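Have a look at the structure below before the remarks.
The values are calculated or read from the model by the stated rules, or taken from the named source; none is laboratory data. Just so we're clear, the structure is a prediction, and the values are computed from it rather than from any experiment. Glycine gets a Cβ as well: all are built from the backbone with ideal geometry, and neighbour counts include every protein chain shown. With ligands, DNA and RNA removed, areas are computed over all heavy atoms of the protein, side chains included. Shrake-Rupley method; radii C 1.70, N 1.55, O 1.52, S 1.80 Å.
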Amino acid sequence: MKDLRHELTDARLAELLECDDDKFAPYAAAARDTLIAHVGDKCYLRALIEIGNVCAKDCLYCGIRRSNRHAVRYMLDDDAIVSAVRASLAAGYRSIVLQGGEQCSDSFTLRIERLLDKISRLTPDGGPAVTLSLGEQSLSTYMRWREAGARRYLLRIESSSRHLYSRIHPHDPLHSFDRRLEALMSLREADYQVGTGVMIGLPGQTAEHLAADIRFMQQMDIDMCGMGPYLEHRHTPLYGLRHTLVPPAERLRLSLRMVALLRLVMPDINIAATTALQAIDSHAREEALRMGANVIMPNMTPQQAKARYALYENKPLCETPAGTMPLCGRICDTGLVAAPEDDGTSRHYYERKSHEPTATR
Ligand code: 5AD
């Protein structure tokens, strides 16, 4: 199989994001072949538990932003989270994601640390593999959570363009692009499998911005990526720019192409087929799996909380803790093999660790 990495300059990436479907088809096929050749044909599953929508941040696009008075706030207690983890284990998942609004305090750090300890005791072999997605924290907090058992962390850069970032966030120290970069570096230093990602179809975003996002992820040498279409939410300031957006179908098309192109540029990372794709088209996650994605995150948040974790409107709520079977069937239809029992460590992480000096391993 031809290695396309050298051909894919920034200009070429931008061109491929915008070309006709016919012209893109060979790249989509190559992305799928690249996945199989470098990572294999398994699709990893991670049970997503949205632990709370209390958030200190005020991002201009997000439905759970601090200033959104319409958001009904919740924070699951430890018992509720542990029950959701047990339900995920019972359904057959061996890998979970704890995601929630950003909170920074000593008590929050300690609470998550203790929770991780409880989760690690749920099975004789140290519990499910845990991914955290709890925003920007200090290096010492990241280290404590890592030591308490978390292995992976998701922190999207949202946009790698400093300019675009500043247009979708308030201008204050809590929303600084540099702090976000620093946090990503800290995660790497704390030895996580590091995941980042971007929103696609943001107001003012061009194909050149998206090409630069792919390059950013390559330069950051990330292990995992979760990215998806930007979806408007009426109770956010960015809603005022909705007339400038490309239609949802186009945001979906761009998102799928981003998945395929990132796979070609970073053959051995894990790439998620995200829920936001599913919000535009109920089969879009499967489409992403056909174009190079290899992770799916079924939502195992308790039903009442799920609707309240509304980052955007029309969030799909239907996936129930009915077991892994229906989803596995849909994954198999894409030609991948559903592997809920596999903790699915990023191949890229193994690779980079094997090249590090032993002292820091
Ligand atoms: N549309 C799409 N994705 C969103 N996120 C937040 N708000 C939106 C939105 N309106 C994404 C951000 C964040 C992740 C948890 O959810 O990328 O990092």
Looking at (1) part of a loop (DSSP other than H, G, I, E, B); (2) within 11 Å of the ligand (Cβ to nearest atom); (3) farther than 27 Å from Glu356 by Cβ; (4) open to solvent by 30 Å² or more (accessible area, probe 1.4 Å), which is the only condition Tyr239 fails? (1)
Specify the residue that is surrounded by the fewest Cβ atoms within 10 Å (Cβ to Cβ); the eligible residues are those in the stretch 153-166 that are within 14 Å of the ligand (Cβ to nearest atom) and closer than 18 Å to Gly201 by Cβ. Arg156
For the condition within 11 Å of the ligand (Cβ to nearest atom) and either more than 14 Å from the chain's Cα centre (by Cα) or open to solvent by 20 Å² or more (accessible area, probe 1.4 Å) (or both), what is the one hit in Leu202, Leu210? Leu202
Filter result (out of contact with any strand residue (DSSP E or B) (no Cβ under 7 Å at 6 or more places or on another chain), open to solvent by less than 20 Å² (accessible area, probe 1.4 Å) and among the basic types (Lys, Arg)) within the stretch 242-273: Arg257
Give me the residue from the stretch 32-59 that is within 24 Å of Ser160 (Cα to Cα) and more than 19 Å from the chain's Cα centre (by Cα) and, out of that set, surrounded by the fewest Cβ atoms within 10 Å (Cβ to Cβ). Ala56
Is it fair to say Leu277 is within 14 Å of the ligand (Cβ to nearest atom) and open to solvent by 20 Å² or more (accessible area, probe 1.4 Å)? no
Take Val85 and tell me if it is within 25 Å of His235 (Cα to Cα) and either assigned to a helix (DSSP H, G or I) or more than 16 Å from the ligand (Cβ to nearest atom) (or both). no
Does Pro302 satisfy being modelled with pLDDT of 90 or more, in contact with a strand residue (DSSP E or B) (Cβ under 8 Å, 6 or more places away or on another chain) and not acidic (Asp, Glu)? no
Does at least one position in the stretch 177-191 carry a residue that is farther than 20 Å from Lys315 by Cα, polar (S, T, N, Q) and within 16 Å of the ligand (Cβ to nearest atom)? no
Name the residues in the stretch 60-73 that are open to solvent by 40 Å² or more (accessible area, probe 1.4 Å) and either in contact with a Pro (Cβ under 9 Å, 6 or more places away or on another chain) or more than 24 Å from Met300 (Cβ to Cβ) (or both), would you? Arg66, Ser67, Arg69, His70
What do you reckon, is Glu147 under 25 Å from Phe216 (Cβ atoms) and either without any contact (Cβ under 8 Å) to a residue 60 or more places away in the chain or under 20 Å from the mean Cα position of the chain (by Cα) (or both)? no
Residues (more than 23 Å from Asn314 (Cβ to Cβ), part of a loop (DSSP other than H, G, I, E, B) and either within 15 Å of the ligand (Cβ to nearest atom) or open to solvent by 10 Å² or more (accessible area, probe 1.4 Å) (or both)) located in the stretch 213-236: Asp221, Ile222
Yes/no for Ser95 being touching a residue at least 60 places away in the same chain (Cβ under 8 Å), within 18 Å of the chain's Cα centre (by Cα) and either farther than 18 Å from His233 by Cα or more than 16 Å from the ligand (Cβ to nearest atom) (or both): yes
Quick check on my filter: what residues within the stretch 184-196 are in contact with a helix residue (DSSP H, G or I) (Cβ under 8 Å, 6 or more places away or on another chain) and in contact (Cβ under 8 Å) with a residue 40 or more places away in the chain? Ser186, Leu187, Glu189, Ala190, Asp191, Tyr192, Gln193, Val194, Thr196
Does the stretch 108-131 include one or more residues that are touching a residue at least 60 places away in the same chain (Cβ under 8 Å) and within 16 Å of the ligand (Cβ to nearest atom)? yes
